Amino acid sequence: MAITTLPAVRPNRVFRTDPTDLWRPVDFLHRRASEPVDASSVAFFRIAFGVVALIAIVRFFAYGWIDQLYVDPLHHFSYVGFEWVRAWPAPWMHLHFGALGLLAAAIILGWRTRASLILFAVGFTYIELIDKTTYLNHYYFISLAALLLAFMPHDRAWSLDARRSGWSGWTPIWTVWALRVQIALVYCFAGFAKLNHDWIVNAAPLRFWLPQHAHLPIVGPLLDETWVAYAFSWAGAAFDLTIVAWMLWGRSRPLAFVVLVVFHLITGQLFMIGVFPYMMIAASLVFFSPDWPRRWLSRLRRQSWSADARVVRPTLSVERSWIARIAVLIALGVLAVQIVVPLRHYFYPGSVQWNEEGYRFSWRVLLTEKVGHVEYRVTDEEGRTWIELPAEYLSPLQAERMTTQPDLILATAHFIRDHYAHFGNDVEVRADVFVSLNGRPVQRLIDPTINLAAEAQGIAAKSWVLQPVAE
Amino acid sequence: MARRLNTPSCRFTALLSLMTIGAALLLAGCSSDVTRRDVATSLTEQVIIPRYEAAAESSAAMNERVRILVSDPTAGRLEAARDAWREARSDWSRLQAYTFGPVMELRIPSLVDWWPIDEDKIHEALARPTISAEDVRETFAADQRGFSALEHLLFADGDSALDRLQAGDDAYGQYLTALAEVIADAIRQAADDWSGDYGQAFSGSGDRAISENLAVADLVRVPVFLTETVGDMQLGVALGITKPEADPSVIPEGNAGAGVDNLEQQLRGIQDTYVGTADGRGISDLVAQLSEDADQRMRNALNEAIDAIEAFKRDGQSLNQLLETDPDAVSEARAAIKAAQIILNTEVVSLLGVTIGFSDNDGDS
């Protein structure tokens, strides 16, 4: 493939070369993004990511989740467009997770890092695409981070690849900023999502969750207090909305990091959120100066970090190529997608917390206490009607998660329809779904007159989802 | 450094911090809120243990009445044994809202309460030369023992039980006494465990103390399952609501016709744990702290369900008779039970953060 190479320019001349050149901002971004910085921060992120990913995989084995979530269920809730993604049969699913564990180890060691990251990203995303009921924000983050890391150079520092190809110790600054932006998106959207009436005015759902920990020593009785729920709610929103700014500002960064660690350790203790807190603590270190790991190591070794012979700053030489321009545009496109996707719920009528249209992939973390009760009324061709319960078709986790999510309620109706169709019975399926959201009185979620067997699955707004009655 | 910390402003800041923390802890200490531990302890002491004791005593009384009947069968003694069965069965039904802990660990339901029974196997057993309590406990199947098997023999058509006993049918008498003895022993064992180690653990003391969250989860979870069992798997199936064809045989009711009382007692058992005693605590106290409206809705739903069942008692019909003569009324009663189940399974579960499905999966949304 022929590559068109454009003449190199000095950074302070970029905007002076040709005012009519529409590529000026792109070239400017490319040049700025290519500035070399110490690679140790990105290397640390890669190692920490590998460790957290490995722990996540080990937990799947330890808790028996591979069988429980992927092998045992009779049905899986597929994502629209990904119906072709199916779980492997029993031994292969375990082998798949075993392979992911090995890939995570390879990522830690930096062995064939790019290939390992690509395979891990594909393999882990495949797992996540099998069943919507297993969706977790932090698994989504793992997939995104793996994909992002796969495009970065990892043969620069602290990897077996670097040892083989020669240790440069430098990486383009975009690698650091790409990770920072990815983390910033999580915090900012999590913060924006908290700016709602329930969270701010009612302190819900923390008002219901915190008293569950009233038995803890010393702080326990405090957690039973309503004002503490308000304090936690407001502080949580303020934390999510501002922590990125505090972490970016050098003077506030050390204190902000202490707050961040305390925040995540507390949430890790109070809620069942798996590896998420530890992942965010480790990931947030990327906000420190890119050379922080090398500085710390040097301090530990009691030597000057600059004395490291391998960290000689390379000469900046950036060429204006079409590939570079396309890469910048793709990066901007990915960023735009990551901003639009969490906001897509605005295209649907009603409250996202109630109808959950656009809820996933939106960084809406620990935001909702929602419990539902679902029964299906099945009517056959002879006009006989009876009730079917979701538990007859689904695993316990699926049956629990589907009760509040309209797309899963529809999919279960289709499982029932298909079950009877298999025996030659054409049935209609209607649902009686009662949901309580953030402590509100229970209300119907689905129009009980609608034959869900005839409704199509998809991303279009669901007209049969009832809007909540105002209090 | 030390000198800097000793400045007046530092001392003031430290003092202010200590005062703030102290005030917060004092506020927390003075809180009048009812805790989950208070509820678990109160329900253990004032509801669960007394109810298990009552069930143990009435089943012991039933055992004694059956023994007297078998030793010297008369019509009066048969009637007394039947009354004792009704009372013991009623007390056992009331315990269904607290069937966790020893009852499940000792597999007591398979010794005491199994439906449907296998009448053929029961009659085959009567052909044995001797039947002991040990035989019933160790070698009989669950569908050959328990209250329902005893009901089948004790309330056999007309006075056939009396006829057989008076005719010297030893196996019949031995089976009756063995069944009553196994029931009485099993419930006594559960009652003793609740009065002893398990009750202590459930109240949060002792080496095996159960966390207050788990205790409250059990107190909510079992009533959810109970309402689901009664509403969907029994009344729902019997009425043809949860299956295409009605099937009244799923109603655990034999010749004694105690189905209505069973239902009422089961619901009252749920009410026991929800409301608690007049001077004690119940789940209601925890719910009301978070939402008085939700608490009132739950109380009302339970009252309406109990009222609907109580209304059947005035007719004096068995549940199976009612299913034939007045299925609409039974359907309405089922709807009332389902309404209570939905509030329990959504609002109460949500407010208390109870996990119904025993899920240990992570969740971050």
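The table for this structure:
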{"quantity": "Residue among A:V181, A:V186 that alone is closer than 19 Å to A:V37 by Cβ and within 25 Å of the chain's Cα centre (by Cα)", "calculated": "A:V181"}
{"quantity": "Residues that are more than 16 Å from B:S59 (Cβ to Cβ) and of a type in the set (A, V, I, L, M), drawn from segment B:167-183", "calculated": "B:A167, B:A171"}
{"quantity": "Check on A:V340, without any contact (Cβ under 8 Å) to a residue 60 or more places away in the chain, on the phi < 0 side of the Ramachandran plot, of a type outside the set (K, R) and assigned by TED's automatic domain parsing to the domain that holds A:Y187", "calculated": "yes"}
{"quantity": "Qualifying positions in segment A:103-141 - of a type in the set (A, V, I, L, M, F, W, C) and within 18 Å of A:Y79 (Cα to Cα)", "calculated": "A:A121, A:V122, A:F124, A:I127, A:L129, A:I130, A:L136, A:F141"}
{"quantity": "Among residues of segment A:127-177, those that are within 18 Å of the chain's Cα centre (by Cα), crowded, with 21+ Cβ neighbours inside 10 Å and either within 22 Å of A:H30 (Cα to Cα) or in the same structural domain as A:L332 (by TED's automatic domain parsing) (or both), counted", "calculated": "2"}
{"quantity": "Failed item, numbered, when A:S233 is tested on (1) modelled with pLDDT of 95 or more; (2) in contact with a Gly (Cβ under 7 Å, 6 or more places away or on another chain)", "calculated": "(2)"}
{"quantity": "Hits in segment A:378-395 (condition: in a helix (DSSP H, G or I) and either of a type in the set (A, V, I, L, M) or touching a residue at least 40 places away in the same chain (Cβ under 8 Å) (or both))", "calculated": "A:A391"}
{"quantity": "Residue within segment A:342-358 that is surrounded by fewer than 19 Cβ atoms within 10 Å (Cβ to Cβ), part of a helix (DSSP H, G or I) and within 9 Å of chain B (Cβ to nearest Cβ) present", "calculated": "no"}
{"quantity": "Candidates A:R59, A:R46, filtered to the one that is assigned to a helix (DSSP H, G or I) and within 14 Å of chain B (Cβ to nearest Cβ)", "calculated": "A:R59"}
{"quantity": "Wholly within segment B:32-148, helices (runs of 4 or more DSSP H) carrying at least 3 residues that are in contact (Cβ under 8 Å) with a residue 12 or more places away in the chain and either acidic (D, E) or out of contact with any Pro (no Cβ under 8 Å at 6 or more places or on another chain) (or both)", "calculated": "B:36-43, B:49-71, B:75-94, B:108-112, B:119-125, B:133-138"}
{"quantity": "For A:A413: the one exception among (1) part of a helix (DSSP H, G or I); (2) facing chain B (nearest Cβ under 10 Å); (3) in contact (Cβ under 8 Å) with a residue 12 or more places away in the chain", "calculated": "(2)"}
{"quantity": "Search result, residues across segment B:150-166 that are farther than 19 Å from B:A61 by Cα and assigned to a loop (DSSP other than H, G, I, E, B)", "calculated": "B:A156, B:D157, B:G158, B:D159"}
{"quantity": "Among (1) within 14 Å of chain B (Cβ to nearest Cβ); (2) outside any strand (DSSP E or B), the one test that A:Q457 misses", "calculated": "(1)"}
{"quantity": "Residues (assigned to a helix (DSSP H, G or I) and more than 18 Å from B:E310 (Cβ to Cβ)) located in segment B:235-257", "calculated": "B:G236, B:V237, B:A238, B:L239, B:P248, B:S249, B:V250"}
{"quantity": "Answer from B:I342, B:I309 - the residue that is in the same structural domain as B:E245 (by TED's automatic domain parsing) and more than 20 Å from A:R440 (Cβ to Cβ)", "calculated": "B:I309"}
{"quantity": "Any pair with Cβ under 6 angstrom, 6 or more apart, that starts in segment A:63-76 at a residue that is within 12 Å of another protein chain (Cβ to nearest Cβ) and ends at one that is of a type in the set (S, T, N, Q) and surrounded by 15 or more Cβ atoms within 10 Å (Cβ to Cβ)", "calculated": "A:L69/A:T134"}
{"quantity": "Which numbered condition A:E392 fails, given (1) charged (D, E, K, R); (2) over 25 Å from A:G350 (Cβ atoms); (3) away from chain B (no Cβ under 13 Å)", "calculated": "(3)"}
{"quantity": "Residue match in segment A:240-256 (condition: within 14 Å of another protein chain (Cβ to nearest Cβ) and buried (at least 21 other Cβ atoms within 10 Å of the Cβ))", "calculated": "yes"}
{"quantity": "Exclusive hit being surrounded by fewer than 19 Cβ atoms within 10 Å (Cβ to Cβ), of a type outside the set (D, E), touching a helix residue (DSSP H, G or I) at 6+ places or on another chain (Cβ under 7 Å) and modelled with pLDDT of 95 or more, set A:F361, A:F434", "calculated": "A:F361"}
{"quantity": "Count of residues meeting criterion [over 21 Å from A:A399 (Cβ atoms) and either β-branched (V, I, T) or in contact with a His (Cβ under 6 Å, 6 or more places away or on another chain) (or both)] in segment A:64-87", "calculated": "2"}
{"quantity": "Residue in segment B:167-187 that is among the charged types (D, E, K, R), outside the structural domain of B:V103 (by TED's automatic domain parsing) and either in a helix (DSSP H, G or I) or at pLDDT 95 or above (or both) present", "calculated": "no"}
{"quantity": "Matching helices (runs of 4 or more DSSP H) fully within segment B:258-354 where at least 2 residues are within 14 Å of another protein chain (Cβ to nearest Cβ) and under 30 Å from B:A40 (Cβ atoms)", "calculated": "B:283-290, B:292-315, B:327-343, B:349-352"}
{"quantity": "Pairs, first within 7 Å of another protein chain (Cβ to nearest Cβ) and more than 17 Å from B:A288 (Cα to Cα) in segment A:214-229, second surrounded by 17 or more Cβ atoms within 10 Å (Cβ to Cβ) and acidic (D, E), C-beta under 6 Å, six or more apart", "calculated": "A:H215/B:E212"}
{"quantity": "Selected residue (only one of A:T379, A:T368 is within 9 Å of chain B (Cβ to nearest Cβ) and of a type in the set (S, T, Y))", "calculated": "A:T368"}
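The values are calculated or read from the model by the stated rules, or taken from the named source; none is laboratory data. What you see is a predicted model, and the numbers here were worked out from it, not measured in a lab. Don't worry about glycine lacking a Cβ; one is built from the backbone with ideal geometry, like all the others, and counts go over all protein chains shown.
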